[in-house]
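To keep things clear, I will list the structure first and then write my remarks on it.
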Amino acid sequence: MDMKIGFAQAHETDALVDLINLAYRGSESWTGERDLISGARTDRAEISALIADAKAQFLVLRDEAQQILGCIVAEKNGDYAYLGMFAINPNLQQTGLGKALLAGAEHFARGFWRGIKGSKMTVITARAELLAYYQRRGYVQSEELQPFPRDVKVGEPKQALQLVTLYKTF
């Protein structure tokens, strides 16, 4: 399968909303948070704004038919590239696509923002298997903890949740 990473386009907004919500809250996704959080992870307004935001680089993994297989958003945050909205189609998870997309986003960030130290992201502390996935990819868990956001539209936590920041140095 021939795949390429490129920038998200405005006409792909609905497909990206569907992909992200399915990956984060769908029943088939090993990365899903449905047991921890109810409601949608994102909506059309948020994705449209990210695609249009010159500070955010919304990267999309597409197959040869231009079907979206995954996505990730990179934003410069101090000396690091902050990576978020990382999603792979649940039917294609555990095939190496996530590993390839994450590596592609890191490569992009190194070239796009010269002089950055590395990349960082936040992960729910209750997601031990996801934390282990990122650690296998060179991310190190910091001691930076923050409560799960309640002031943004990312779903409603079913219990008290915390986010931890992970760092990877380039």
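Numbers at a glance
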{"read-out": "Residue match in the range 84-104 (condition: crowded, with 19+ Cβ neighbours inside 10 Å, assigned to a helix (DSSP H, G or I) and aliphatic (A, V, I, L, M))", "value": "yes"}
{"read-out": "Test set (1) part of a strand (DSSP E or B); (2) surrounded by fewer than 20 Cβ atoms within 10 Å (Cβ to Cβ) - residue 31 fails condition number", "value": "(1)"}
{"read-out": "Residue tally, condition more than 16 Å from the chain's Cα centre (by Cα), within 29 Å of residue 2 (Cβ to Cβ) and of a type outside the set (D, E, K, R), over the range 49-81", "value": "4"}
{"read-out": "Total residues in the range 123-167, condition open to solvent by 70 Å² or more (accessible area, probe 1.4 Å) and touching a residue at least 40 places away in the same chain (Cβ under 8 Å)", "value": "5"}
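The values are calculated or read from the model by the stated rules, or taken from the named source; none is laboratory data. The structure displayed is predicted, hence computed values, not measured ones. A quick note on method: Cβ atoms are made from the backbone with ideal geometry, for glycine too, and the neighbour counts reach across all protein chains shown. Side chains are part of the model used for accessible areas, which takes the heavy atoms of the whole protein and leaves out ligands, DNA and RNA. Shrake-Rupley method; radii C 1.70, N 1.55, O 1.52, S 1.80 Å.
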